[in-house]
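To keep things clear, I will list the structure first and then write my remarks on it.
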Amino acid sequence: MGTPFKFKGSLVPLTILELQEFEPHTLATELQKSTAKNAAFLAQAPVVVSLEHASDVDGIDLEGLLNACREHGIRPIGVKAPDALASAISDAQLAHVHLGKHRPAGEHDSGAKKTEEAPESQQGSTMVVDKPVRSGQQIYARDADLIVTASVSPGAEIIADGNIHVYGRLAGRAIAGASGNQDARIFCRALLAELISIAGCYKLSDDFPKRFWGNSIQVSLEDDALRIQKL
Amino acid sequence: MAKIVVVTSGKGGVGKTTSSAAIGTGLAMKGFKTVLIDFDVGLRNLDLIMGCERRVVYDFINVINGEANLKQALIKDKRFDNLYILPASQTRDKDALTQEGVQKVLDELKQDFDYILCDSPAGIEQGAQMALYYADEAIVVTNPEIASVRDSDRILGVLQSKSLKAEQGESVKEHLLLTRYNPERVENGDMLTVEDVEEILAVPLLGVIPESESVLNASNRGIPVVMDEDSTAGMAYMDAIERFLGEKVEYRFLEAEKKGFFKRVFGG
């Protein structure tokens, strides 16, 4: 007999409560307004409280914050915060969501030249496909980059949690950063794609500027918009 | 041991049955013992193209269901001793094809034949999947137009994921057969060029069959077009068969015929 359970990797939609700053009273009033408006949407929805962009995280009253949330019908299941708060989060019996990557202020928009290392989960893992990806086929490189040395046909779909490289013609759909990595990029030798997407932000072929069509390009995500550049 | 070859395309009406009949007959003409199986259950056509429609007594489904044995169902061609046809059933549908049944018939045929040609129905469903499942090689028939090319691309994907070879981690050997090629229309830009299709599908080219009236004439008379030695299509099929058998053959009929002086003056 097998084990009575199994662990399965899965993606569950979560709402993130992104805090810029925390002051218990202001938060309570603001939440009051917001939850009244979005009552149905937020009712008992699992929420991750993110302190990623909050100032003065170290002195934060985590318990007060969580209580304020609960009072307004929000159910925090985890807190995304720097490691300094790890023990406080664990005391509150919530999950600690690590920051994907810590970027010092100022480097955020430097765009063109990024020297940071890939997030740990993606280090060294690459999926290489040497055969043409045919119409109707779907390839997913989980937690990895995807390199296709052949062509991707119209009606085919290639998906990666990391970057995508296509050395043949890219005529199908290419979805990079599929689980939210905003630093993922798409590189291809001939852009003939039906759709390109990075971290959920997408563009259809009709929206590609003409000068890129059929050309060797890279796509990156900048300020929540896809940016296509010639290579 | 026989080689199982599926003739497939995804899209309908591109010339699968015509090509199956031509290639099967050509292989027999080259001395190989060949059987043609019609997998298009319910839309039986191969027997018509082969000119043996009045000799069908039992069919493929009867054999699968054990209502007849293979010897009773196989129709021997009257022109070539080493050519046989296993017709489809016209009164049933594709669900009558079972994997075990198909395997049983193929295993039996393998003992006797050099080549087993499976004429696939259009589509990517049950019938088409049955026809390609046991294939060692695949001849993908494509017309030089985008819908046909895309469907061929789709069926190539199915071949490399849903065939027995794919399940065993091997791959089905692919051949591209471009049919209904009209050099004039290609020159005018109405049709894709050979190079376009080759680039999109990335499959080795087995042959290019020019569009020709002799194909329709041959089909109507039940005589496979390879037997018409004067027709360009017949010659192109023979070239393709020789390439299939591993010979090096120059490509012909790829360019529009240049009208000579007399043709220009007196009409072609």
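The values are calculated or read from the model by the stated rules, or taken from the named source; none is laboratory data. Owing to the predicted nature of the structure, the values given are computational and were not obtained by experimental measurement. Positions of Cβ are generated from backbone atoms using ideal geometry, with glycine treated the same way; all protein chains shown enter the neighbour counts. Side chains are part of the model used for accessible areas, which takes the heavy atoms of the whole protein and leaves out ligands, DNA and RNA. Shrake-Rupley method; radii C 1.70, N 1.55, O 1.52, S 1.80 Å.
Using a probe of 1.4 angstrom, how much of the accessible area of chain B is carbon and sulfur, in percent?
Solvent-exposed carbon and sulfur of chain B make up 46 percent of the total.
Show the residues, 5+ positions off or on another chain, whose built amide H is closer than 5 Å to the amide H of B:Ser89.
Under 5 Å from the amide H of B:Ser89 lie the amide H atoms of B:Gly42, B:Phe60, B:Ile61, each far enough along the sequence or on another chain.
Would you mind telling me which residue in B:Gly189, B:Gly234, B:Gly13 has the biggest mean-square fluctuation in a Gaussian network model of chain B, where springs connect alpha carbons within a distance under 10 angstrom?
Comparing B:Gly189, B:Gly234, B:Gly13 in the GNM, the peak value goes to B:Gly189.
Can you pull the mean other chain C-beta count within 10 Å for peptide A:137-146?
Mean number of neighbouring Cβ atoms from other chains: 1.
Can you list the residues of the range B:111-160 that have at least 30 square angstrom less accessible area with all protein chains present than in their chain by itself, probe 1.4 Å?
Going by heavy-atom accessible area, the residues of the range B:111-160 that drop by at least 30 Å² are B:Arg150, B:Asp153, B:Arg154, B:Gly157.
Evaluate the charge dipole of the range A:15-98 about its Cα centre and quote only its size in Debye, nearest 20, assuming +1 on the Cβ of each Lys and Arg and -1 on the Cβ of each Asp and Glu.
520 debye
Which one of A:Gly64, A:Pro76, A:Ile89 has its Cα pushed farthest toward the positive end of the charge dipole of the range A:15-98, where Lys and Arg give +1 and Asp and Glu give -1 at the Cβ?
A:Pro76
I need the shape label for the range A:120-230. Rule: rounded when a/c is under 1.5, else prolate if a/b > b/c, else oblate, with a, b, c from the alpha carbon gyration tensor.
Since a/c reaches 1.5 but b/c is at least a/b, the shape of the range A:120-230 is classed as oblate.
Explain nothing, just the number: relative contact order of chain B, from Cα pairs under 8 Å at least 6 residues apart, as a whole percent.
Computed value for chain B: 23 percent relative contact order.
I'd like the orientation of helix B:232-244 relative to chain B: the angle between its Cα long axis and the longest Cα principal axis, in ° from 0 to 90, rounded to 10.
60 degrees
Want the number for B:Leu43 to B:Glu170: 0.36 nm per residue separation, take away the alpha-carbon distance, what's left?
Gain on stretching B:Leu43 to B:Glu170: 42.5 nm.
Using a cut-off of 16 Å between alpha-carbon atoms, which aspartates and glutamates can reach B:Lys104, once sequence neighbours fewer than 8 places away in the same chain are excluded?
Within the straight-line limit of under 16 Å, B:Lys104 reaches these aspartates and glutamates: B:Asp38, B:Asp59, B:Glu67, B:Asp112.
With charges only on Cβ, +1 for K and R and -1 for D and E, what is the dipole size of the range A:120-230 about its Cα centre, in debye, rounded to 20?
580 debye
Efficiency by 1/(1 + (r/R0)^6): what FRET value for A:Asp58 and A:Glu222, r their Cβ-Cβ distance, R0 = 30 Å, to the nearest 0.05? Walk me through the numbers before you get to the answer.
Working: r = 30 Å, r/R0 = 1.01.
Approximately 0.50, to the nearest 0.05.
Whenever you get a sec, compute what percent of the accessible area on the range A:120-230 sits on carbon and sulfur atoms (1.4 Å probe).
44 percent
Averaged over B:201-207, how many beta carbons belonging to a partner chain fall within 10 Å of each residue's beta carbon?
2
Want the number for B:Thr193 to B:Gln103: 0.36 nm per residue separation, take away the alpha-carbon distance, what's left?
28.6 nm
Among B:Asp230, B:Asp59, what's the order by accessible area (1.4 angstrom probe), most exposed first? Write down the numbers at each step before the final one.
Numbers: B:Asp230 135, B:Asp59 20 Å².
From most accessible down to least: B:Asp230, B:Asp59.
What quantity of accessible surface, computed with a 1.4 Å probe and excluding non-protein components, is buried in total between chains A and B, in Å² to the nearest 100?
900 Å²
Quick check for you: with a 1.4 Å probe and neighbouring chains kept, what is the accessible area per residue of the protein assembly as shown, in Å²?
On a per-residue basis, the protein assembly as shown sits at 51 Å².
HN-Hα J couplings of the range B:76-91 from phi, Karplus 6.51/-1.76/1.60, θ = phi - 60°, integer Hz, Gly and Pro as x?
My calculation for the range B:76-91 gives 7, 5, 7, 8, 10, 4, 9, 10, 10, 10, 10, x, 7, 8, 8, 9 Hz in order.
Could you tell me the accessible area of A:Asp223 in Å² (1.4 Å probe, neighbours in place), rounded to the nearest ten?
Counting only protein heavy atoms, the figure is 120 Å².
Mind checking A:126-133 for the average number of partner chain beta-carbons within 10 Å of each residue's beta-carbon? Please report the intermediate quantities before stating the final value.
Numbers: counts 0, 0, 0, 0, 0, 5, 8, 2.
Partner-chain Cβ atoms within 10 Å, mean over residues of A:126-133: 2.
Per DSSP H run of at least 4 residues, take -39500 (n - 2.57); add these up for chain B, divide by its residues and hand me the 222 nm value, nearest 500 deg cm²/dmol.
So the helix-based figure for chain B works out to -11500 deg cm²/dmol.
Shape call for the protein assembly as shown from the C-alpha gyration tensor, a ≥ b ≥ c root eigenvalues: rounded (a/c under 1.5), prolate (a/b greater than b/c) or oblate?
Prolate.
Just by accessible area at a 1.4 angstrom probe, what is the order of A:Phe212, B:Phe32 from largest to smallest?
The ordering from most to least exposed comes out as B:Phe32, A:Phe212.
Taking a temperature of 10 °C and a viscosity of 1.306 mPa s, what whole-number D in µm²/s does Stokes-Einstein yield for the range A:15-98 with Rh from Kirkwood over alpha carbon pairs?
Roughly 125 µm²/s, to the nearest whole number.
In whole Hz, what ³J(HN,Hα) sequence does the range B:19-29 give by Karplus (6.51, -1.76, 1.60; θ = phi - 60°), x for Gly and Pro?
5, 4, 4, 5, 5, x, 5, x, 5, 5, 4
Using a 1.4 angstrom probe on heavy atoms only, work out the carbon and sulfur share of the accessible area of the range A:50-97 in %.
That fraction is 42 percent.
Taking Rh as the Kirkwood radius computed over C-alpha pairs, what is the Stokes-Einstein D of chain B at 10 °C in a medium of viscosity 1.306 mPa s, expressed in µm² per second?
Roughly 85 µm²/s, to the nearest whole number.
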